[in-house]
Amino acid sequence: MRLHDTRLKAVVDIVPAREGVLTVYACGPTVYRDAHVGNMRTFLLTDLIRRTAQLSGLRVIVVQNITDVGHMADDTGLGDDAAGAVDEGQGPGDDKVLRQAAAEGSSALEIARRYEDRFHRDLAALNIYPAEHYPRASESIDLMIDLIATLMESGHAYVGGDGSVFFDARSFPSYGELSGNRLDALRPGHRFEGEVDPAKRFHADWALWKKAQDTRTQLVWDTPWGVGFPGWHTECSAMSLALLGNTIDVHTGGIDLRFPHHEDERAQSNSATGTDVVRHWVHGEHLLFEGRKMSKSAGNVVLVSDVIERGLDPLALRLALLQNRYRQQMNLTWDALHAADATLTRWRDRVATWAAQPSAAMPADIVAAMLRSLNDDLDTPRVIMMLRELEKSADISDGAKFETFAYIDRVLGLDLARTVGQAPIEAEPTPPEISALLALRAEARAAKDWAGSDRIRDELAAQGFTVTDTAEGQQVQRG
Ligand code: AMP
Ligand code: ZN
């Protein structure tokens with residue numbers, strides 16, 4: 001598989017460090033509100049990487065963190081929810097989870113768990129496979145303390161004037177490689193977490209651990225550096241190193257996380273381990289809705305639940321997202337969602353009709369082209385286009401169309417073999433290894449290699465499939 005690597009600014013081959021296993025760390029949600037459809041676009045990116053890699057036979061391990069502490073309202077400076085994104089100081093309200101808890105009159109824990117549950121509900125609605133691990137920041141404090149201690153011992157971190165622990169940006173020479181924000185070009189006054197802070201030695205340093213003020217009573221921990229709470233970037237380094245080790249194949253997130261979140265995480269992880277931990281940084285571009293950035297203050301934040309409330313299948317959202325490549329900024333509209341919903345319904349109806357016809361081998365060239373597109377930096381729009389062509393094709397049998405739609409749906413995840421308003425499809429798609437044998441047999445027959453063709457027929461029979469040769473090509477049946 002090839003993906004665009006942000007640091008190398010190029011589409012590169014992704015070769016797992018450990019043969020057969022692809023490890024992925026995905027920045028997860030900050031659980032103080034529902035994820036919007038833009039967040040879902042970024043989460044879908046990880047799912048596409050997973051499904052594409054799995055289809056090529058790789059085992060995939062995804063770790064996605066749950067940020068339930070430490071993400072401050074002014075951490076990104078880009079504030080996807082705009083409202084109050086530039087709060088100064090360190091009052092309890094500045095931690096996104098604490099601020100929401102105060103607004104809803106709940107405890108921080110209640111807020112965090114409620115939105116974490118809803119995050120899982122939304123992922124399921126979009127057929128996004130669950131990660132293998134969902135570490136919570138609030139339950140990984142010991143890992144963060146260990147990481148900070150390591151950075152202190154190796155001279156990469158120091159206790160600042162206010163008792164917080166800061167990372168010494170100048171101790172990491174390749175700072176800026178990921179985002180292009182080199183230290184010499186970053187001037188004080190540029191938006192940093194906490195702005196220009198007299199507690200730091202250098203304006204670009206950032207807090208690994210923040211000393212809590214007396215007003216903050218929830219989400220605080222006692223540490224060698226006093227009572228406080230972690231900086232947002234600290235958690236991703238600590239949890240990714242603990243769960244995936246010192247080498248991580250792919251790290252994903254939305255483009256806004258490139259700086260400072262990922263730049264700082266890279267500095268921390270690499271300084272703590274002495275290696276370049278993340279082999280490939282992959283970022284998804286943002287989603288606009290009806291031409292505008294989604295923000296609470298503009299009142300145009302759209303959730304998965306809004307899509308469902310309008311009577312649309314949530315997988316119409318998935319299809320609409322797949323119609324755009326992850327690396328391009330995308331403008332989603334209600335019209336596009338309605339159109340995707342109509343396509344989804346039509347495809348499911350067609351697939352159900354085709355399923356009733358005798359099965360036939362997938363068109364090898366078309367399937368190969370689809371797999372090439374997926375492996376070529378997740379060119380999902382191209383795959384969708386090929387499906388539209390296949391749908392209309394007069395040269396390909398219904399049975400072959402059924403098999404192809406069902407097969408490629410392993411990556412697209414659109415439940416295409418699920419009928420709407422009819423009896424469920426009884427025909428089960430032919431397993432991929434059987435399809436592969438059928439394709440080989442078609443090749444053998446085309447080459448008039450009758451002995452080879454018979455050998456494969458016997459192999460199919462041994463696996464419980466009977467193949468018959470008809471004018472339309474091979475047809476396969478179980479038993
Ligand atoms: P958050 O819950 O705010 O920490 O964001 C979760 C993920 O969604 C992060 O990877 C963000 O980069 C990503 N994200 C935020 N806004 C958008 C957007 N409009 N489009 C796509 N991804 C986004
Ligand atoms: Zn992160």
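The values are calculated or read from the model by the stated rules, or taken from the named source; none is laboratory data. Keep in mind the model is a prediction, meaning the values are calculated, not measured. Heads up, the Cβs are rebuilt from the backbone with ideal geometry, glycines too, and the neighbour counts pull from every protein chain shown. SASA here: full protein model, heavy atoms, side chains in, ligands and nucleic acids out. Shrake-Rupley method; radii C 1.70, N 1.55, O 1.52, S 1.80 Å.
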Residues of segment 93-116 with backbone nitrogen within less than 16 Å of a virtual label 7 Å along the Cα-to-Cβ line of Y134, please, listed as ranges.
109-116
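In whole percent, how big is the carbon plus sulfur part of the accessible area of segment 335-412, probe 1.4 Å, protein atoms only?
Taking all protein chains in place, segment 335-412 shows 50 percent carbon and sulfur surface.
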Give me the accessible area of R327, 1.4 Å probe, in Å² rounded to the nearest 10.
90 Å²
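In terms of the Cα gyration tensor, with a ≥ b ≥ c the square roots of its eigenvalues, is segment 91-136 rounded because a/c is under 1.5, prolate because a/b exceeds b/c, or oblate?
Details: a/c = 3.17, a/b = 2.27, b/c = 1.39.
Note, shape of segment 91-136 comes out prolate.
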Just to be sure I understand the model, the point goes 7 Å from the Cα along the line to the Cβ. What's the resulting R113 to R201 distance in nm?
4.2 nm
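When a/c is below 1.5 the answer is rounded, else prolate if a/b is larger than b/c, else oblate, so apply that to segment 335-412 with a ≥ b ≥ c taken from the square roots of the Cα gyration tensor eigenvalues.
oblate
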Taking the chain and dividing mean pair separation by its residue count, relative contact order in percent (alpha carbons under 8 Å, at least six apart)
16 percent
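If you place +1 on the Cβ of every Lys and Arg, -1 on the Cβ of every Asp and Glu, and leave all else neutral, what size is the dipole of the chain about its Cα centre, to the nearest 20 Debye?
Values: 51 positive and 70 negative charges, 154 e Å.
That gives the chain a dipole magnitude of about 740 debye.
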Given Cβ charges of +1 for Lys and Arg and -1 for Asp and Glu, the option among T217, P381, S305 whose Cα lies farthest towards the positive end of the dipole of the chain is P381
The correct pair for segment 326-374, radius of gyration to one decimal and Dmax as a whole number, both in Å and from Cα atoms, is 15.4, 42
Amide N of segment 329-357 lying under 11 Å from the label point, which is placed 7 angstrom from the Cα of A446 along Cα→Cβ
none
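Determine the order of E285, E472, E265 by accessible area, beginning with the largest, at a probe radius of 1.4 Å.
Details: E285 50, E472 135, E265 5 Å².
If we order E285, E472, E265 from most to least accessible, we get E472, E285, E265.
Based on the Cβ-Cβ distance of R350 and V159, what FRET efficiency does E = 1/(1 + (r/R0)^6) give at R0 = 51 Å, to the nearest 0.05?
Numbers: r = 65 Å, r/R0 = 1.28.
FRET efficiency, R350 to V159: 0.20.
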Give me P(r) over segment 2-288, computed from all C-alpha to C-alpha distances, binned every 10 Å, as integer percentages.
6, 30, 38, 21, 4, 0
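If the chain between D276 and E309 were fully stretched, how many nm would it gain, using 0.36 nm times the residue separation less the Cα-Cα distance?
Details: separation 33, 0.36 × 33 = 11.88 nm, distance 4.54 nm.
Computed gain between D276 and E309 is 7.3 nm.
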Per residue, in Å², the accessible surface of the chain once ligands and nucleic acids are set aside, probe 1.4 Å:
41 Å²
Mean projection area, nm², convex hull over Cα of the chain
24.5 nm²
Report, in cubic angstrom per residue, the convex hull volume of the C-alpha atoms of segment 1-61.
102 Å³
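Where the accessible area of segment 432-478 is counted over protein heavy atoms with a 1.4 Å probe, how much of it, in %, is carbon and sulfur?
Carbon and sulfur atoms account for 52 percent of the accessible area of segment 432-478.
For A103 and W334, what is the calculated FRET efficiency with R₀ set at 30 Å and r taken between the beta-carbons, to the nearest 0.05? Working shown, then result.
Working: r = 29 Å, r/R0 = 0.95.
Approximately 0.55, to the nearest 0.05.
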Can you pull the one-decimal nm distance between simple spin-label points at S56 and T247, each 7 Å off the Cα toward Cβ?
1.7 nm
Proportion of all alpha-carbon pairs of segment 432-478 beyond 13 Å (%)
50 percent
Could you compute the FRET efficiency for N181 and D376, with r as their C-beta to C-beta distance and R0 at 30 Å, rounded to 0.05?
0.50
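Rounded, prolate or oblate: which one fits segment 99-206, using the alpha carbon gyration tensor with axes a ≥ b ≥ c (rounded when a/c is under 1.5, else prolate when a/b beats b/c, else oblate)? Walk me through the numbers before you get to the answer.
Details: a/c = 1.94, a/b = 1.77, b/c = 1.09.
Verdict is prolate for segment 99-206.
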